[in-house]
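Accompanying notes for the structure given below.
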Amino acid sequence: MLFLLMYLATLMGNFLIVTVTTLSHSLHTPMYFFLRNLSVLDMCYISVTVPKACAIFLLENRAISMVGCASQIFFVLLFGYTDLLILTIMALDCYVAICQPLHYTVIMNPQVCVQMTLASVFGGLVYSGFHTGNTFLLSFCESKVVHQFFCDVPSLLKLSCSDTLSSEILILLSAVLVGGCFAFITVSYIWLFSTVFKFPNRGEQGKAFSTCVPHNLVVTIYVSSGAAVYMKPASNSPTVQDTIASVFYSIVPPFLNPIVYSLRNKQIKEAIKKVMWQMLFQERDGIINTRHFHFT
């Protein structure tokens, strides 16, 4: 029930962000363009794992086909890695907006934003394709019980009777890529904070810190929990900590992102009120119009 409630709340929060940033013309900026993409990715990301997990817990439906398992791995890696790349781009956008405001419209022009988004999706496809293909080249002659609430690469490596060295090397290479993204985000925020400290207005400093610190916190939870699962040696026996760490990188970030990135944002709140008022008045006008006769 907890997973189901978090899933529904995640869908509602992210769908609200997508709707508002699409309908409100004042939010048609690079920052909210990437935020809209992040919300779409989060809805897809959590939808890969949680519905099946709810079926496991509530309906005792524990079986999954080989194709279903491969699909879960592919889409979890696709949406998860693309999500991280979008978060990296958002850190760049935030840095340029605060540290180089005069060059912002040149650096983050619409064409560049679209190109970076497409490059992120393509990178996610390549990343997930390599991992999924390499994993299912292995033989699984041991137990067919996956000690997780969804299929992931480390859980399947523990079930394989093949040599998993190539898969482990690929995970290490992936760790370098993920670590590079995390390092870029961290350095961007360090430079950003160094600029914010120079602001004469304490209110502006507090606003910048209240926005950036939660962003970095969510990214840290996401990367550290994923590393705890993927960087653990495959020979180790499954533990409850593995499942908890998987929850923190597959469910918690999509759940927190609408709260951290959007619902605490004053512009988003104002846009939500504006869109709701517009919808309310349109509905009222429609009701009033249906109560009148029209002569021809």
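The values are calculated or read from the model by the stated rules, or taken from the named source; none is laboratory data. Here the structure is a predicted model, which means the values were calculated and not measured. With ideal geometry, Cβ positions are generated from the backbone for all residues, glycine too; neighbour counts draw on all protein chains shown. Note: areas computed on protein heavy atoms with side chains; ligands, DNA, RNA excluded. Shrake-Rupley method; radii C 1.70, N 1.55, O 1.52, S 1.80 Å.
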Computed over the chain: longest principal axis from alpha-carbon atoms vs helix 66-99 long axis, angle to nearest 10 degrees, is 50
Mind checking the per residue accessible area of segment 46-110 for me, 1.4 Å probe, whole number of Å²?
46
Can you give the Kirkwood hydrodynamic radius for the chain, in Å, rounded to one decimal and based on Cα pairs?
21.2
What percentage of the solvent-accessible surface of the chain, computed with a 1.4 Å probe over protein heavy atoms, is contributed by carbon and sulfur atoms?
70
Take Cys99 and Ser71, extend 7 Å from each Cα along the Cα→Cβ direction, and tell me the distance between the two endpoints in nm.
4.3
Over 32 Å (Cα to Cα) - which of Lys198/Lys273; Lys52/Lys158; Lys198/Lys266; Lys52/Lys232; Lys198/Lys269 fall in this group:
Lys198/Lys273
How would you rank 26-39, 99-112, highest first, on the average number of other Cβ atoms within 10 Å across their residues?
26-39, 99-112
So how do 80-91, 168-179 stack up, highest first, on mean other-Cβ count within 10 Å?
80-91, 168-179
For segment 171-202, which chymotrypsin sites (Phe, Trp or Tyr not before Pro) pass both filters: DSSP loop (anything but H, G, I, E, B) and at most 15 other C-beta atoms within 10 Å?
Phe197
What is the spin-label model distance, in nm, from Phe199 to Val114 if the labels are put 7 Å beyond Cα along the C-beta direction?
3.3
Viscosity 0.890 mPa s, temperature 25 °C: Stokes-Einstein D of segment 24-95 from its Kirkwood Cα radius, in µm² per second?
175
Okay, helix-only estimate at 222 nm for the chain: each DSSP H run of n ≥ 4 adds -39500 (n - 2.57), divide by all residues, round to 500 deg cm²/dmol; what do you get?
-26000 deg cm²/dmol
Put one equal scatterer on each alpha carbon of segment 92-165, apply the Debye formula with no solvent term, and list log10 I(q)/I(0) at q = 0.17, 0.18 1/Å to two decimals.
-0.72, -0.76
